[in-house]
Every structure is written in C-alpha cells, then in structure tokens.
Amino acid sequence: MDLDAITKYSALHAKPVGLTLQYGTAGFRTKAEHLDHVMFRMGLLAVLRSKQTKSTIGVMVTASHNPEEDNGVKLVDPLGEMLAPSWEEHATCLANAEEQDVQRVLLGISEKAVVDLQQDAFVVIGRDTRPSSEKLAQSVIDGITVLGGQFHDYGLVTTPQLHYMVYCRNTHGQYGKATTEGYYQKLSKAFVELTKQAFCGGGEDRPLKVDCANGIGALKLREMENYFSQGLSVQLFNVGTTGKLNHLCGADFVKSHQKPPQGMEMKSNERCCSFDGDADRIVYYYYDTDGHFHLIDGDKIAALISSFLKELLLEIGESLNIGVIQTAYANGSSTRYLEEVMKVPVHCTKTGVKHLHHKAQEFDIGVYFEANGHGTVLFSKAAEMKIKQLAKESEDKKRKAAKMLENIIDLFNQAAGDAISDMLVVEAVLALKGLTVQQWDALYTDLPNRQLKVKVADRQVISTTDAERQAVTPPGLQEAVNGLVKKYKLSRAFVRPSGTEDIVRVYAEADSQESADSLAHEVSLAVFQLAGGVGESPQPNF
C-alpha cells in the first residue's frame, strides 16, 4: 500500500468540511457536488473488499429514483448481492474520515477485516445517465488505481446489469457472459422459451407502454428489443431526449402521486408500466373505461408471480416451500389474498430491501416486492438443482412445469430488483394465463390507505417491535393507536421513526378512504402528543 500516493490523490478528492454521510440500503446518496471524495474512497474500499474476498467487486454510480441533481454509489458483493453489513460500517467510517485520517482508517479496515494486501484486486464499474455520473465514476477509478487494483468500466448500465456482471465474473461464466449482450441473450432466451406456448398460435404482439423515467432503462430496452422474436412489443416513453431524470415520471412518481407520468399518452385499458432512473423497480397501471387511474404496485406483482409459481409447484408435485415476504406497508388485502385464497405463507420484516432479501433466503423459493415495485424472486441452490433435474428427467406434464420454472430462474438475475426481468416475468405470466391488466388488478381490491409524517424533536423516542408494526416506546402510544384502530372497519395503523430525519411515519388503512384519512390523522395527533411533536399540531388536509 503506497501511503504517500494515497495521501496525494486523496487531497485531489478532498472531503467538504462538516459533511457526514451514512451507508444505507441504497449506499451513499446526496447532492452530486458533495460526492467526489466519497467516490474516490469507495474505489479504495472496493479494492480492499476484492482482496479480502479474492473476488470481483462492483461499484455502481447512481441515485436510483432520486432527482437528477443527486447522485450516489453502492458496492456489489461477489455473488451480485448487496454489500455485507460489516463492510457498510467500514464504508461509513472511510467516507467520513477527515483528510489526515484516511491512511489510518484504511489500515484499520485492512487489519480488522484481515485483508491480504498482496492479493490481486479486480473491480467493475457502472453508472447511470446523470450528468454528474461520468466524472464521479472517474473518481472511483482514481481510488482503484492508486491502490493497485485492476478494473473494467462498463460505462452506462442499469444497476441490475452491474449486479449480473459481478456474478458472471465470479462464477467464471457459468451464470452467463459478463457483457450486456450476454445479459440480453440470457433474459430473452428464457422469456421466449417460457412464452412459447402462449404465442405459438402466432397472433399479434402484446403491446406494452413503458415509461423509462428519462433514465438508463430507455437505452437498455432499446438495445434489447432486437432479441425478442415474438410476443412482446414495447413502446418507450420518457427516453431521456427531453425532460429530466425522474422528473414528473418514473416508478416513484407514479406510485407516490397515484397518477400517470407526464409524456405518456394513455388510452383506456392499455397496459403501462414505469421504471425508475436506474431500472431496479417497476410499477404497472392503466385507465379504466370510466377514466379512473388504477395503480398495480409491488404487492400485486408479488401476488401474480407467487400464485403462478404455486401452480407450477403443484404440477411438479415437489414439496418445495414458497414464501412471500412483505413489510408493514403491504396492503392488508394483499396479505389476506395470499394467505387465504392462494394459501401461500406470508412473512413480515422491517422496512428495507436487505431485511426482505435476508428473509427470502430462508425459503426454497422466496418472493419479495416492496409496494414501491422493488423486488425479485430468490431460488435456493437446492431448489434450483431439483427443478433443473426434473426439467430433464420427469414425464411430460411435470417436465413442462419444471421447464417453465427453470426459465423463471434464468429471468430473475442476482440483483435485489431488476425492472427489466420483473417486466418480462409479469408479461410472460399474463400471456400464459390469458389475463388482461384489468383481470390482474381484480385479483383483490386494495384497502384505502394514507401515509403521513409527523415532525418530532427526537425520532429515537419511538422504538418498535414485530417488524415495526408495534410501538414499544413511548409509553401509552401503542395503546392509543389500538384504541383508534378499533373505531374503524377493516382497519390497522402503525408508526415508525424515519431512518434519516426527525420525523415519524404514520400508516393507516380502513374500509373507506374517508376512514383511512381520519384514522391516519388521529394517529398522527397521538404521535404529536405522546412522542414530542414540534411545530404546528397535525391538521387534516385531505
């Protein structure tokens, strides 16, 4: 480790005075102009992680669904998964070190993590389409090279594509070719195989309108279109030629505003979907014949996919266990549908992809989608081997179902969420089951709900248990919530502290929008009174 060179280069990427950042589920994320030092240091950290794991590590420069002026960075571990929690702590420590302490912190991480500094290191880099991303990716490269690491810059890729590249390289090509072409080939081959039966009669292509959030998804879907020989016809909107990234468009906008993105013409009953800026989440929607907007969020995507998987498992007759993982924000109707109608077990975890992902790994097949459309399906290695064996050896009916499951395994790559692969699986299931977007939406009816925020002096006065559904402190708060919930039909409510600011998030649902709004308001008043609310008392403003 050439400490003098590190000190010299680090000075060229100096940390702004007083800036403190935390590595979270989404890595680091803030205004792009504050991130130069973080990028350089994450290049350093990626080299140490690569040396320690003797594997290729990924660095993705993106701020996902955030506004265009923001940026961020996250590291990808050897099997395409999120960075290990102990290394999240190292990342936070290194990013926040003062200039004179960078050497000491680096050496401290090397010792604590038992890094062999003589080991070779290899890092792959990707970036989204933000104006700031290219320069910030260069800062990552500076960090990699000063520590003697080798790198490959993939340039513009979706976040899930970078996860795919890391996994391919660390399985030495067994999982697929570590190129964008390899990614397209793997996914399109699985999609075409899976939908063969649905499209074998020829017929017209199923049209789908895709809002690309003025992001990287537009470039990659355009490249991928040529790989589909039949079945799916995508029409792209918000492709980045005009308009800002994620501005008045994209999955997050559609989900939070419950309305279509700007820049997309929609006729009644047309199937439409939106990606976010780095193409790792997706939501569907349509207008009905009366002109009402219908959102089909991550809960309904999970319901569609898990019910199809359950049918295939019944066909192959294997006792593989399937579980759907939700957070407290999942609509109560989706939980009831899965448990009571589909007979699929549902488990609730704390909010955050890493909690969902971890729980999903406990099943042969774990399905998780946050309501915001971020999610995937995980197959255990044992389940994967069993399915591939059945696809080769069993009699016709079983083999056909096993082959379909095998194609679904190939469609879900290693990332925690991939809008392109999620879209292909949804389109395949709808085609195979002959479902329209309205029929899919009618699987169950969402309970009306409302989310509110309450400003408090110190969010840490609230602690929770039972996957954030029950407040433990302050005393009396949960009892107050329970009392309010009893006043309304089909109702529930919970409160949880924000992970980043001194606010408390309130969620309520009930049998009507009026009741959900009223319950949310009453719960927010209880939070304000019992948890140290600041400023003006919450007002009903619906």
Accessible area per residue in Å² at 1.4 Å probe, computed on region 1-74: 37
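Of the accessible area of the chain, with the probe set at 1.4 angstrom, what percent is carbon plus sulfur?
On the way: 10940 of 22440 Å².
That fraction is 49 percent.
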Note, ³J(HN,Hα) from phi for region 330-347, Karplus 6.51, -1.76, 1.60, rounded to Hz, x at Gly and Pro: 5, 5, x, 5, 5, 5, 4, 4, 5, 6, 8, 8, 7, 6, 9, x, 10, 10
Which three extents, in angstrom, do the Cα atoms of region 469-542 have along their principal axes, listed largest first? 30, 27, 20
Thr145 and Thr445 label points (each 7 Å along its Cα→Cβ direction) are spaced in nm at 6.2
Once the cut-off is 19 Å, how many percent of the Cα-Cα pairs in region 290-446 end up in the long-distance tail? 52
For region 1-54 and region 248-323, distance of Cα centres in Å: 37
Under Stokes-Einstein, region 3-156 at 25 °C and 0.890 mPa s, with its Kirkwood radius over C-alpha pairs, diffuses with a coefficient in µm²/s of 164
Taking θ = phi - 60°, what integer Hz values does the Karplus form 6.51 cos²θ - 1.76 cosθ + 1.60 yield along region 524-533, in sequence order, with x for Gly and Pro? 5, 5, 5, 4, 4, 6, 9, 10, x, x
5 angstrom amide H check on Gln470, placed H, neighbours 5+ away: Thr465
Which one, Phe237, Ser188, Ser274, projects farthest toward the positive side of the charge dipole computed for region 182-292 from Cβ point charges (K/R +1, D/E -1)? Ser188
Using the crude model of +1 on Lys and Arg Cβ and -1 on Asp and Glu Cβ, and no other charge, please compute the dipole size for the chain relative to its Cα centre, in debye to 20. 700
Taking loop as defined by DSSP and a crowding limit of 16 other beta carbons within 10 Å, which trypsin sites (Lys or Arg not before Pro) in region 387-471 fit? none
Counting only heavy atoms of protein chains, what accessible area per residue, in Å², does region 415-542 have with a probe of 1.4 Å? 45
What distance in nm lies between label points placed 7 Å from Cα along the C-beta direction at Glu99 and Ser233? 6.0
Step through the residues of region 311-321 one at a time and calculate ³J(HN,Hα) from phi using the Karplus curve (6.51 cos²θ - 1.76 cosθ + 1.60, θ = phi - 60°), rounding each to whole Hz and writing x for Gly and Pro. 4, 5, 5, 5, 5, 7, x, 9, 8, 7, 8
Given a 1.4 Å probe, how much area per residue of region 182-292 is accessible, in Å²? 43
At a Förster distance of 25 Å, what's the computed FRET efficiency of Gln513 paired with Ser256, Cβ-Cβ distance as r, to 0.05? 0.95
Relative contact order for region 182-292, counting Cα pairs under 8 Å that sit 6 or more residues apart, in percent: 29
Would you calculate, for the chain, the mean residue ellipticity at 222 nm contributed by helices, counting each DSSP H stretch of 4 or more residues as -39,500 (n - 2.57) and dividing by all residues, to the nearest 500? -12500 deg cm²/dmol
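What FRET efficiency comes out for the pair Glu265/His152, r = Cβ-Cβ distance, R0 = 51 Å, nearest 0.05?
0.80
To the nearest 0.05, what FRET efficiency results for Phe293 and Lys398 with a Förster distance of 51 Å applied to their C-beta separation?
That gives a FRET efficiency of 0.75.
If Rh is defined by the Kirkwood formula over all Cα pairs and Rg also comes from Cα, what ratio Rg/Rh do you get for the chain?
Rg/Rh for the chain comes to 0.97.
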Relative contact order of region 211-363: what whole-number percent is it, with Cα pairs under 8 angstrom and at least 6 residues apart? 17
Per residue and in Å³, how big is the convex hull formed by the alpha-carbon atoms of region 233-378? 133
Points 7 angstrom from Cα along the Cβ direction at Gln529 and Leu248: gap in nanometres? 4.3
List the residues, sorted by chain then number, that are 5 or more residues from His374 or on another chain and whose placed amide H is less than 5 Å from its amide H. Ile282
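Considering Cα pairs under 8 angstrom that are at least six residues apart, work out the relative contact order of the chain and quote it in whole percent.
For the chain, the relative contact order is 11 percent.
The values are calculated or read from the model by the stated rules, or taken from the named source; none is laboratory data. All figures in this text were calculated on a predicted structure; none of them were measured in a lab. Here Cβ is always computed from backbone atoms with ideal geometry, including for glycine, and neighbour counts include all displayed protein chains. Note: areas computed on protein heavy atoms with side chains; ligands, DNA, RNA excluded. Shrake-Rupley method; radii C 1.70, N 1.55, O 1.52, S 1.80 Å.
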